[in-house]
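The values are calculated or read from the model by the stated rules, or taken from the named source; none is laboratory data. Every value quoted in this text rests on a predicted model; they were computed, and no experiment measured them. Every residue, glycine as well, gets a Cβ built from its backbone with ideal geometry; the counts of neighbours run over all protein chains shown. The accessibility values were calculated without ligands, DNA or RNA, using every heavy atom of the protein model including side chains. Shrake-Rupley method; radii C 1.70, N 1.55, O 1.52, S 1.80 Å.
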Amino acid sequence: MTFTDEEYMEKALALAGKAAEMGEIPVGAIVVDKDGEIIAEAFNEREKLISPTAHAEILAIERAAKHLKSRRLSDCTLYVTLEPCPMCAGAAINADIKRVVYGAFDEKNGALASVTALFDEKFTHIPRVKSRVLEEKCGKILSDFFQDLRRR
């Protein structure tokens with residue numbers, strides 16, 4: 001079943017909420033195949049897994065590759081609540097992701113528009129990008145999380 005970008009982002013936001021409940025930075029990601037089926041989902045698990053690479057995007061891409069039994073996700077879309085960092089943008093390039101759709105900009109680590117624009121470089125594959133999908137909701141879950149963290 002195919003949903004709109006906003007509907008898929010709502011699903012990624014629900015995952016971000018799970019991350020927040022676990023004390024993880026609330027970022028959620030899903031990978032959708034060419035038929036509109038969600039084939040992988042993840043949220044940040046850096047604290048739980050004690051891993052600097054356990055970002056939502058990396059985990060979702062790895063799970064999608066295992067699901068498809070292929071490292072190439074060329075017909076897939078990655079939905080993520082926060083603009084990918086350089087590591088996650090690089091993973092999308094290396095996985096041949098067709099599209100990256102994200103919500104909030106990341107003014108400190110964003111690698112698609114905010115700090116740098118990796119997809120403007122001459123890599124072998126460049127995903128198409130759509131930003132600002134449910135931007136306000138995606139930004140709010142992050143700002144609420146960090147406000148609560150500072151209060152504690």
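Just a few scattered comments:
- The residue pairs whose first member lies in the stretch 20-38 and is over 12 Å from Tyr79 (Cα atoms), whose second member is open to solvent by less than 10 Å² (accessible area, probe 1.4 Å) and not in a loop (DSSP other than H, G, I, E, B), and whose beta carbons are closer than 7 Å, counting only pairs six or more residues apart or on different chains, are Ile25/Ala19; Pro26/Ala16; Pro26/Ala19.
- Odd one out for Glu7, checked against (1) in contact (Cβ under 8 Å) with a residue 24 or more places away in the chain; (2) over 25 Å from Gln147 (Cβ atoms); (3) not basic (Lys, Arg): (1)
- Which listed residue is surrounded by fewer than 16 Cβ atoms within 10 Å (Cβ to Cβ) and outside any helix (DSSP H, G or I), from Glu6, Glu41, Glu107: Glu107
- Search result, residues across the stretch 110-123 that are part of a loop (DSSP other than H, G, I, E, B) and either open to solvent by less than 70 Å² (accessible area, probe 1.4 Å) or without any contact (Cβ under 8 Å) to a residue 12 or more places away in the chain (or both): Gly110, Ala111, Leu112, Ala113, Ser114, Val115, Thr116, Ala117, Glu121, Lys122
- Only one of the numbered conditions (1) closer than 14 Å to Ala91 by Cα; (2) surrounded by fewer than 23 Cβ atoms within 10 Å (Cβ to Cβ) is violated by Ala29, and that is (2).
- Out of Lys66, Lys34, Lys18, Lys48, sole residue that is assigned to a loop (DSSP other than H, G, I, E, B) and surrounded by fewer than 24 Cβ atoms within 10 Å (Cβ to Cβ): Lys34
- Extreme residue, surrounded by the fewest Cβ atoms within 10 Å (Cβ to Cβ), among residues of the stretch 130-152 that are among the polar types (S, T, N, Q) and within 16 Å of Glu107 (Cα to Cα): Ser143
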